[in-house]
2 protein chains.
Amino acid sequence: MPNISKKGAAMPESPIRKLVPYAEVAKAKGVKVHHLNIGQPDIETPKVAMDAIRNFDEKVVVYSHSAGILSYRKKLVEYYKSVDIDVTPDEMIVGTGASEAILFSLQSCMDEGDEIIIPEPFYANYNGFAVNAGVKVVPITSKIDSGFALPPIEDFEKAITPKTKAILLCNPNNPTGYLYSKEELEIVRDMVLKHDLFLISDEVYREFTYDNHEHFSVMNLEGLDQHVILIDSVSKRYSACGFRIGVLISKNKEVMSTAMKFAQARLSPPTFGQIASEAAIDTPQEYFTTVLAEYKSRRDVVVDRINKMEGAFCPNPKGAFYVVAKLPIDNADKFCQWLLEDYSYNNETVMLAPATGFYATKGLGMDEVRISYVLNVNDLHAAMDVLENAIKVYPGKK
Amino acid sequence: MPNISKKGAAMPESPIRKLVPYAEVAKAKGVKVHHLNIGQPDIETPKVAMDAIRNFDEKVVVYSHSAGILSYRKKLVEYYKSVDIDVTPDEMIVGTGASEAILFSLQSCMDEGDEIIIPEPFYANYNGFAVNAGVKVVPITSKIDSGFALPPIEDFEKAITPKTKAILLCNPNNPTGYLYSKEELEIVRDMVLKHDLFLISDEVYREFTYDNHEHFSVMNLEGLDQHVILIDSVSKRYSACGFRIGVLISKNKEVMSTAMKFAQARLSPPTFGQIASEAAIDTPQEYFTTVLAEYKSRRDVVVDRINKMEGAFCPNPKGAFYVVAKLPIDNADKFCQWLLEDYSYNNETVMLAPATGFYATKGLGMDEVRISYVLNVNDLHAAMDVLENAIKVYPGKK
C-alpha cells in the first residue's frame, strides 16, 4: 500500500472538530448542547439573495468566468464604494469562499519555506492553508490583558527574517473580536514598506463593529497599493456560509495575473453562490441594523456574564462575533471535552472552542476559550448558566 | 514591490484561454465564432435539479459537512450502485468540482518532487494542479494512429523511477475521447501493484460512451482497493458545470482521512450545488438516452466530415465528447489563431483548441487540434464547412 504524503501528514486537524465526537456523546445522553464553538451564524440569509436563487431561470448552469461573473464583480465595485473602498472588477478574483482566496494569495506570493507573520491567537485554518502552500507561520503573541491589541511593533521586527514575505491580519479579528485601529494599521504599513512585504488582510467581519467604532480597511492605507491583498467573503456579512463565495482583491497586477492562473486551473467559482451573492448586495440597510443590534446584545450578555464569574475575564471586543475569555481552568482542551463528556446543568451543556487551537506557540491559551456568540440572547444566558456552574465544579479548576 | 512566488510564475496559463482575445477580434468584426474549443455542453441541465434549487426553502444557508451533505453522499451510493460501483458515504469527499478532488488527491498522496505518470495528450489543467501540488508530470505518449489507445506498458515501465508515486488516467479521455478497455486497465492494475503506486482515475465522462461500448471503472479492478482514487463530477453528466460539484472516492482509509484534513481547512463544498446535484440523481433515464443519441450524431458528423477533408484524419472515439484530429497544418497554435484573426467563411469561423496544449512533450501535437462537439448538428456542419475551406487556403498548409 503506497504511503500518503508528508504534506498530508503535516496538515493539522481542525481543533474544533476534535470535540465533535464528544458532542455526539452528550446528545446521545439527551443533553442539549449549546453550540458556541463555530462561526456559523443563526441569522437568516437575506430574502433578496434567496429570491435570486428561486428565480434563477437559465437553462444550462455553465462555468462562470474564472475570476467570477462580470456583473457580480461590477456590483461588488458598488458595494466596496459604499464602504469607502475603491476597486475595479479587474482587481477582483471571486473565490470559493475566503478559504480559496487566502490559499490563492499564499500560493501567488510565497514559496516553500517562506515565512508569514500572524498575530496569535489566529483563525486556526490559516495553519492548514500555510501547510498546503508550504509556508511557515511565525506567530507574534497578542495578549488578553490588552484585549488582544496589535502586539508591539518591536515583536514584529524581531520576527522578521530574510524569509519573511508577508504579514497576515484578520480585522475585525477571529477569534478575539479585536478591531485594529487606523493608527495600529499605519504602524503595520510603515513596517510593510520598510521590509517590502505583502500585507494580506482578512476583513470578512468588516460590517460587525460595535459601540460606534468604525472599520478601517488596509485598502485605504496610503502607499500600500502594491503590497495589500484584501480577503473577503459573503459568509458572515449575509449569513451565507454555504454560498462558498469570497474574493481576493489587489491593485498589484502581477499578483492578480498570478492568482488568475490558479483560478483558471480550477475553472470557476460556484455559479449559484455568485447569483445569490450579487443579489445580496441589495440587502436593505435595516437587515444590517437589526443584525448588528442583535449581535451587540449578545456580546454584551457574554462579556457581562463572564466577567461576573469568579476567576474569569473577558475583554469587550469591538468587532466580529467572537470573544476569547480567560477561565479558571487548568487545560482548555480537557475542560471543553469535560463539558461535553461529563457535565450538564439542567440537562444542558455548552460546546466551546479551546483557545489552544488558535495559538501557534505551544502552551499558550491553556486557560482560554473562544466563544462564538451565534445564538439568541435566551440561549446565550442558558449557556452562560452552564458555564458559570461548570467552572465551580470542574475537577481541573484553578 | 515584493515579488510573486516561483510557484506562481511556474503555473501554466490555460492553452485555450490564450486564444480568447483573438475570438474577441473576430466577434468585433461581426464574424460568428463556432466555439468547439471548450468542454461546456449546450445541453439543458435536468429540470429535477433546477427545481430543487427553485424550491430550496432553508432560512439560513449554512456550511455543509466538510465531506459533503450526508444525504447527498447517501444518494451518491445509489447512483454508483446503478453504474456497478460499490461505495459507502464514508468513502467519499464531495469537492468543489473534480478540480478540487484532483488537487486533494495529489496533495494527499504526493510530495514536492514526486512524479505522476499521465498518458498524453491529457487535460491541460492537470499541469496546473501538478505545479500547485509541487508534483512532476511524466508524460507517456499515446498515438493518433491507434486512436490514442493505452501506450505500450513498456513505455510506462521505462518512465517509472523511485520518485514515481501515481498514475493518472482520464477515462473516457479528455481530450482524445478514447475509452480504455477492461483489458487495458488490467494491465495498468498489474503495474500499479508491482510498483506499489496510486492509480487516480478521472471518470467524469463515464456516461458518455457510444457504439455499445461500456465503461469499466478502475473501482472494479480486483486487488486495487488501497491504490485507487476515483475522481468524479456532475459537470458533464448533468451539463451542470456551474454547480462546481465533484467527488473524491477511495477505499483507502489513510487517503480519506488525509484528504479530509484538506477538506476541513476549506470548510465545505458549495451548498446549492450539492442540493441540485442530489436531486439530479433522480434525472429520468430518457434524459440520458436523448443526450447520448445527440452526442453520437455530433461525433459522427465531426469524424465523418474531417475524414473527408484532404490530408486530415480523425479517429472515431468511443467516449466523452471530444476528438483530437490531425490536420494538414504546420502549427496548430498559429492555425487556431489564424482562424480567428484572419479567416472567415460565409462570415463564420471556428474556435478550436490546439493539441499542443494537451501534450507535455514539447513539439508534439503541432498538427493536431481538439474539437469539443458541444454544438448542435447544424452548427457543427457549419463549423466543418469553415474548417474544410480553411485548411485549403491556410498559409501554413502542409
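The values are calculated or read from the model by the stated rules, or taken from the named source; none is laboratory data. These numbers were taken from a predicted model, which means no experiment stands behind them. Positions of Cβ are backbone-derived with ideal geometry, glycine not excepted, and every protein chain shown enters the neighbour counts. The protein model used for the area step is the full one, side chains on, heavy atoms only, and it has no ligands, DNA or RNA in it. Shrake-Rupley method; radii C 1.70, N 1.55, O 1.52, S 1.80 Å.
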Seminar exercise, completed: Inter-copy distances for A:N347, nm, shortest first, label points 7 Å along Cα→Cβ, are 7.7
Seminar exercise, completed: Between the modelled labels at B:L193 and B:M1 (7 Å from Cα along Cα→Cβ) the distance in nm is 5.7 nm
Seminar exercise, completed: If every Lys and Arg gets +1 and every Asp and Glu gets -1 at its Cβ, then about the Cα centre the protein assembly as shown yields a dipole, in debye to the nearest 20, of 240 debye
Exercise. Between A:G396 and the same site in the other copies, what are the distances in nm, shortest first, taking label points 7 Å from Cα along the C-beta direction?
Worked result: 6.8
Exercise. Using all Cα-Cα distances in the range A:93-156, what percent lands in each 10 angstrom bin from 0 up to the longest?
Worked result: 21, 44, 30, 6
For this session: With the cut-off at 15 Å, report for the range A:176-255 the share of all Cα pairs above it, as a whole percent.
Result: 60 percent
For this session: With label points built 7 Å along Cα→Cβ from the Cα atoms of B:E222 and A:T290, find their separation and express it in nm.
Result: 6.4 nm
Problem set entry | Spherically averaged projected area of the protein assembly as shown from its Cα convex hull (nm²) | 32.9 nm²
Seminar exercise, completed: Note: probe point = Cα of A:D57 + 7 Å toward Cβ; backbone nitrogen < 17 Å; residues of the range B:38-56 passing the test are B:45, B:47, B:50-55
Exercise. Assuming R0 = 25 Å, what is the FRET efficiency of B:D342 and B:K308, from their Cβ-Cβ distance, to the nearest 0.05?
Worked result: 0.55
For this session: Could you give log10 I(q)/I(0) at q = 0.15 Å⁻¹ for the range A:33-108, computed by the Debye formula over C-alpha point scatterers of equal weight, without solvent?
Result: -0.81
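Other chains near B:30-41: what is the mean number of their Cβ atoms within 10 Å of each residue's Cβ? Don't jump to the answer; show the numbers that get you there.
Details: counts 0, 0, 0, 0, 0, 0, 0, 0, 3, 2, 4, 2.
If you average over the peptide's residues, the count of other-chain Cβ atoms is 1.
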For this session: State, in angstrom, two size descriptors of the range A:272-398 derived from its alpha carbons: Rg to one decimal place and Dmax to the nearest whole number.
Result: 16.8, 52
For this session: Two decimals is fine: what's Rg over Rh for the range A:88-128, C-alpha atoms, Kirkwood radius as Rh?
Result: 1.01
For this session: Positive end of the charge dipole of the range B:47-280 (Lys, Arg +1 and Asp, Glu -1 on Cβ, about the Cα centre): tell me which of B:I200, B:A259, B:A276 has its Cα farthest that way.
Result: B:A276
For this session: Report ³J(HN,Hα) in whole Hz for each residue of the range B:99-111, in order, from the Karplus equation J = 6.51 cos²θ - 1.76 cosθ + 1.60 where θ = phi - 60°; Gly and Pro get x.
Result: 3, 5, 4, 5, 4, 4, 5, 5, 5, 6, 10, 10, 10
For this session: Write down the radius of gyration of chain B and its Dmax, each obtained from C-alpha positions, in Å.
Result: 21.1, 63
Exercise. Inter-copy label distances at A:V25, 7 Å along the Cα→beta-carbon direction, one decimal in nm, shortest first?
Worked result: 6.8
Exercise. When the accessible area of each residue in the range A:90-122 is compared between its chain alone and the complete protein assembly (1.4 Å probe; ligands, DNA and RNA ignored), which residues differ by at least 50 Å², being lower in the assembly?
Worked result: A:Q107, A:D111
For this session: Check cross-link reach from A:K398 to the aspartates and glutamates: straight Cα distance under 12 Å, and skip same-chain residues fewer than eight apart.
Result: A:E310, A:D330, A:D367
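I'd like the interface area for chains B and A: accessible area of each alone minus the complex, both sides summed, 1.4 Å probe, protein heavy atoms only. What is it in Å² to the nearest 100?
Values: alone 17510 and 17510 Å², together 28670 Å².
Heavy-atom accessible area buried at this interface is about 6300 Å².
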Seminar exercise, completed: Long-range amide H partners of A:D202, meaning residues 5 or more apart or on another chain whose placed amide H is closer than 5 Å, are A:L169, A:C170, A:N171, A:I231
Exercise. Given the pairs B:K7/B:K182; B:K75/B:K261; A:K81/A:K194; B:K32/B:K362; A:K236/B:K59; A:K251/A:K296, which span a C-alpha to C-alpha distance of over 26 angstrom in this model?
Worked result: B:K7/B:K182; A:K81/A:K194; B:K32/B:K362; A:K251/A:K296
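Which length gain, in nm to one decimal place, applies between B:E154 and B:S82 when the Cα-Cα distance is subtracted from 0.36 nm times their residue separation?
Values: separation 72, 0.36 × 72 = 25.92 nm, distance 3.54 nm.
Using 0.36 nm per residue and subtracting the Cα-Cα distance, I get 22.4 nm.
Report, to the nearest whole %, how much of the accessible area of chain B belongs to carbon and sulfur atoms, 1.4 Å probe, protein only. Don't skip to the end; give the middle numbers.
Working: 7330 of 14340 Å².
The C+S portion of the solvent-accessible surface of chain B is 51 percent.
Taking beta carbons within 10 Å but only from partner chains, what does the mean come to for residues A:126-133?
Shielding by partners across A:126-133 averages 3.
Probe of 1.4 angstrom, ligands and nucleic acids ignored: what's the accessible area per residue over the protein assembly as shown, in square angstrom?
Numbers: 28670 Å² over 796 residues.
Per-residue accessible area for the protein assembly as shown comes out at 36 Å².
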Seminar exercise, completed: Each label sits 7 Å from Cα toward the beta-carbon; between A:S257 and B:E186 the label points are separated, in nm, by 5.2 nm
Exercise. What Kirkwood hydrodynamic radius, in Å, does the range B:52-167 give when the mean of 1/r is taken over all pairs of distinct Cα atoms and then inverted?
Worked result: 17.1 Å
Problem set entry | Sparse-neighbourhood loop sites, GluC sites (Glu not before Pro) in the range B:263-343 - DSSP loop, at most 16 other Cβ within 10 angstrom | B:E310
Problem set entry | Theoretical FRET efficiency, 1/(1+(r/R0)^6), r = Cβ-Cβ of A:T141 and A:V48, R0 51 Å, to 0.05 | 0.75
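Pop out the Kirkwood hydrodynamic radius of the range A:47-280 from its pairwise C-alpha distances, inverse of mean 1/r, in Å to one decimal.
Details: mean 1/r = 0.0553 Å⁻¹.
The answer is 18.1 Å.
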Exercise. Considering every residue in B:55-67, what mean count of other chain Cβ atoms within 10 Å of its Cβ is obtained?
Worked result: 5
Problem set entry | Euclidean distance of C-alpha centroids, the range A:133-165 and the range A:26-80, integer Å | 33 Å
